[in-house]
Amino acid sequence: MKKNTEKQLKLKIRIWIFLFVIFLILSGITAFPIETELSFLVGHSSSFPEFINKWIGVIYDSVKTTNTQFPFLAYGTDWLAFAHIVIATAFIGPLIDPVKNVWVIQFGMIACIMVFPLAFIAGPIRNIPFYWQLIDCSFGVFGIIPLYLVYRLINKLIILNK
């Protein structure tokens, strides 16, 4: 019975971590083709409220102008994408041994919480609309949910193995 429960817990942990890693990598690599993605959004944004359409247009125009006049600045978003991939590799440890590497899950939850002060401090400084800051904060919310579930499952696994 104990082995079966341990196997089930480890399977659930691995599934949640794997999903988190996939979404972390996907959210990162979307930074590479940002101008193309924004162009698509501008062309297909009729379902968004007008104030969001305007903001997407401003972002697109800014990115397009920057990429045309100062293409080297896009290197910053390339590093952003790379950082997401690098951070995702840290989660290989908990996939292999969740108990020993629970600190990676804790690190991830702390990083998700840190999204909020960054958005609410840097957002106004950079003239980011408040509603967009909330959208940015959603990454912290949607990131911490699977990590918290994993953290709880790892704690159950620890208790089970005592």
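Which numbered condition trips up TRP132, out of (1) modelled with pLDDT of 95 or more; (2) outside any loop (DSSP other than H, G, I, E, B)?
For TRP132, the exception is condition (1).
State whether the residues of region 46-58 include one that is under 20 Å from the mean Cα position of the chain (by Cα), in a helix (DSSP H, G or I) and touching a residue at least 60 places away in the same chain (Cβ under 8 Å).
no
Listed residues PHE40, PHE20; which is out of contact with any helix residue (DSSP H, G or I) (no Cβ under 7 Å at 6 or more places or on another chain) and among the hydrophobic types (A, V, I, L, M, F, W, C)?
Selected residue: PHE40, the only one of PHE40, PHE20 that is out of contact with any helix residue (DSSP H, G or I) (no Cβ under 7 Å at 6 or more places or on another chain) and among the hydrophobic types (A, V, I, L, M, F, W, C).
Quick check on my filter: what residues within region 105-129 are assigned to a loop (DSSP other than H, G, I, E, B) and of a type in the set (Val, Ile, Thr)? Before you say what the answer is, go through the steps one by one.
Within region 105-129, the first condition is being assigned to a loop (DSSP other than H, G, I, E, B), and the residues that meet it are 126-129.
Once the filter is applied, which keeps residues that are assigned to a loop (DSSP other than H, G, I, E, B) and of a type in the set (Val, Ile, Thr), region 105-129 yields only ILE128.
Restricting the first residue to region 146-162 and requiring it to be more than 25 Å from LEU24 (Cα to Cα), which pairs with a second residue that is surrounded by fewer than 15 Cβ atoms within 10 Å (Cβ to Cβ) and of a type in the set (Lys, Arg) meet a Cβ separation below 8 Å and a spacing of at least six or different chains?
Partner pairs satisfying both residue conditions: LEU160/LYS2.
Can you tell me which residue within region 1-54, out of those that are within 20 Å of ASN161 (Cα to Cα) and of a type in the set (A, V, I, L, M, F, W, C), is surrounded by the most Cβ atoms within 10 Å (Cβ to Cβ)?
ILE13
For region 119-133, give me the residue count where each residue is surrounded by 14 or more Cβ atoms within 10 Å (Cβ to Cβ) and in contact with a Gly (Cβ under 9 Å, 6 or more places away or on another chain).
To start, the set of residues in region 119-133 that are surrounded by 14 or more Cβ atoms within 10 Å (Cβ to Cβ) comprises 119-120, 123, 128-129, 132-133.
Then keep just the ones that are in contact with a Gly (Cβ under 9 Å, 6 or more places away or on another chain); that gives 119, 129, 132-133.
Qualifying residue count for the region: 4.
For region 92-104, check the following and say yes or no: at least one residue is of a type in the set (S, T, N, Q), in a helix (DSSP H, G or I) and either in contact (Cβ under 8 Å) with a residue 40 or more places away in the chain or surrounded by 12 or more Cβ atoms within 10 Å (Cβ to Cβ) (or both).
Residues of region 92-104 that are of a type in the set (S, T, N, Q), as a first pass: 101.
From the residues that got through so far, the ones that are in a helix (DSSP H, G or I) too are none.
No, region 92-104 contains no residue that is of a type in the set (S, T, N, Q), in a helix (DSSP H, G or I) and either in contact (Cβ under 8 Å) with a residue 40 or more places away in the chain or surrounded by 12 or more Cβ atoms within 10 Å (Cβ to Cβ) (or both).
Is it the case that some residue within region 98-115 is of a type outside the set (S, T, N, Q), within 15 Å of ALA31 (Cα to Cα), at pLDDT 95 or above and in contact with a Phe, Trp or Tyr (Cβ under 6 Å, 6 or more places away or on another chain)?
Within region 98-115, the first condition is being of a type outside the set (S, T, N, Q), and the residues that meet it are 98-100, 102-105, 107-115.
Imposing the further condition that a residue be within 15 Å of ALA31 (Cα to Cα) reduces the set to none.
Scanning region 98-115, I find no residue that is of a type outside the set (S, T, N, Q), within 15 Å of ALA31 (Cα to Cα), at pLDDT 95 or above and in contact with a Phe, Trp or Tyr (Cβ under 6 Å, 6 or more places away or on another chain), so the answer is no.
Any residue in region 109-130 that's farther than 26 Å from PHE20 by Cα: show its pairings with residues that are hydroxyl-bearing (Ser, Thr, Tyr) and surrounded by 14 or more Cβ atoms within 10 Å (Cβ to Cβ) at Cβ separation under 7 Å, as long as the two are six or more apart or on different chains.
none
The values are calculated or read from the model by the stated rules, or taken from the named source; none is laboratory data. Here the structure is a predicted model, which is why all the values come from computation and not from measurement. We place every Cβ from the backbone using ideal geometry, glycine too, and count neighbours over all the protein chains shown.
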